[in-house]
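Below is one structure, written out as structure tokens; the observations come after it.
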Amino acid sequence: MKHVSYISKKKLGDMMANIREIAKRAGIGIATVSRYFNDSGYVSEESREKIRKAVEELDYTPNALARAIFKKNTKIIGLMIPNITNPFFNQMVSEMEKLFRKQNYTIILCNTDDDKEKEQFHIETLRSYRVAGIVAMRTMTPESYRNIDIPVVAFENQISPEHITVASDNFKGGMAAFKHLYDGGCRKILHIQGPEVFIATTERLRGFIEASKKKKDALVDVVKLETDFHIKSLEPAIENIKNITDYDGIFVFNDISAAVVMKHLHDLGVRIPEQTQIIGFDNSFLGELLLPSLTTIDQPIKQLGKITTDLMIRLINGEEIDQKEYYLKTTVIKRSSTLGKIATSKE
């Protein structure tokens, strides 16, 4: 289906009326004023000065979106995110917005709530605005991006082998989490896994299990949660984990869930890290605010934001990019909730 952007006759008429007023006030032709605003041809410095003065006197603000649509260059990037209230994605978006702004791009933020229909609605809206590109974070509907004529960079979930994917190395991050707890003396270790629909959480589990295979004296269990970071859903799910106090080490799939686990153990009278050590994932700002502070696996947000932004700009500029997958190193950030030494995802 062909997607067309429309500007109402009234808005178009208003724009033309304003341009006519400016041309009249400046004493120059409408075509010259149009070239000035659209940067589409030569305008003498004398005429530019007259137009600038007329614009100031008339307090005229050009319709940037309409002008961009006519030029087929909106300088707008659509950022598709699961939920802005998640600290990790909140920090990621903040970093990318800053980087895109340095390249003179504006962002439109689309909150999907990991809902396919909502994400599809946002895709159609962004297409109607003729955005320059879309960053699809943790997409739930990869097939919707495969045949659209807009540059797309995927973050975490892969869209297709032909599309660029940027992510942390979640597999090695899961391995490092197990090793850190094991090195700290933990031998009965629980992994609290996030929803299976998220590739990142399944990769963290896979790395955790792979590392545990090398340690025959370690007993490991896995409990899967069906919620990501909503506290009202997390609390009852974690409270229902049987014998949680029997474990001397717990690896939780993200920092928010780890914070809820820590609160639950505190309510049960468990001392952290003396009785149970806890490690999260993401290195969101939340971890430093907890007591004890949370050991976590760092996702390098600044690097992730920079590489995603750079790749998007290169695609918009028509550059062919042969490498399609970019997985960045994760690192253990040692804080007070564990006893082990510092390990990295290289190990």
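The values are calculated or read from the model by the stated rules, or taken from the named source; none is laboratory data. Everything quoted here is computed from the prediction, not taken from an experiment. We place every Cβ from the backbone using ideal geometry, glycine too, and count neighbours over all the protein chains shown. For accessibility, only protein heavy atoms count, side chains too; no ligands or nucleic acids. Shrake-Rupley method; radii C 1.70, N 1.55, O 1.52, S 1.80 Å.
For L234, the shell of other residues with beta-carbons less than 11 Å away shows a net charge of -2, using +1 for Lys and Arg and -1 for Asp and Glu. Size descriptor for region 224-271, Kirkwood hydrodynamic radius: 11.0 Å (Cα pairs only, one decimal). The ellipsoid that matches the Cα gyration tensor of region 154-207 has semi-axes, each √(5λ) in whole angstrom, of 27, 12, 6, with the longest given first. In this calculation the C-beta distance from Q323 to E226 is compared with R0 = 41 Å, giving a FRET efficiency of 0.75.
The three principal axes of the C-alpha atoms in region 252-293 carry coordinate ranges of 26, 17, 15 Å, sorted with the longest axis first.
In terms of packing, defined here as the mean over residues of other Cβ atoms within 10 angstrom, the peptides 204-215, 280-291 line up highest first as 280-291, 204-215. Take the Cβ-Cβ distance between L289 and I150 as r, set R0 to 30 Å, and report the resulting FRET efficiency rounded to the nearest 0.05. That pair, L289 with I150, gives E of 0.20.
When peptides 261-271, 294-304, 105-115 are sorted by average Cβ neighbour count within 10 Å, with the highest value leading, the order is 294-304, 105-115, 261-271. List the GluC sites (Glu not before Pro) in region 138-209 that DSSP assigns to loop (not H, G, I, E or B) and whose Cβ has at most 10 other Cβ atoms within 10 Å. Which are they? In loop regions of region 138-209 (DSSP not H, G, I, E or B), the sparsely surrounded GluC sites (Glu not before Pro) are E162. Give me the net charge for the shell around N111: Cβ to Cβ below 11 angstrom, other residues only, Lys and Arg +1, Asp and Glu -1. Summing Lys/Arg as +1 and Asp/Glu as -1 gives -3.
Per-residue Karplus couplings for region 315-331, computed as 6.51 cos²θ - 1.76 cosθ + 1.60 with θ equal to phi - 60°, are listed in order as 5, 4, 7, x, 7, 7, 10, 6, 6, 10, 10, 10, 10, 9, 5, 9, 9 Hz, Gly and Pro entered as x.
The residues of the chain have, on average, 50 Å² of accessible surface per residue, using a 1.4 Å probe with all protein chains present. Taking the square roots of five times each eigenvalue of the Cα gyration tensor of region 73-118, the equivalent ellipsoid has semi-axes of 20, 14, 5 Å, listed largest first.
Geometric descriptor of region 138-273, per residue, is 111 Å³ (volume of the convex hull of the Cα atoms). The share of accessible area on region 235-285 that comes from carbon and sulfur is 44 percent, using a 1.4 angstrom probe.
Value of Rg to Rh for the chain, rounded to two decimals, is 1.13; Kirkwood radius and Rg both from alpha-carbon coordinates.
Whole-Å semi-axes of region 260-347's equivalent ellipsoid, largest first, each the root of 5 times a Cα gyration tensor eigenvalue?
Numbers: eigenvalues 271, 36, 15 Å².
Each semi-axis is √(5λ); the values are 37, 13, 9 Å.
Within the shell of other residues whose beta carbon sits under 14 angstrom from the beta carbon of G280, the net charge comes to -1, with Lys and Arg scored +1 and Asp and Glu -1. Taking Cα atoms only, the orientation of helix 87-102 departs from the longest principal axis of the chain by about 30 degrees. Cα-based radius of gyration for region 67-156, normalised by 2.2 N^0.38 Å, reads 1.03. The H on the amide N of Q299, modeled in the peptide plane, is under 5 Å from the matching H of D282, N283, each at least 5 residues off or on a different chain. Between N111 and S233, how high is the FRET efficiency from 1/(1 + (r/R0)^6) when r is the Cβ-Cβ distance and R₀ = 22 Å? Nearest 0.05. E between N111 and S233, to the nearest 0.05, is 0.80.
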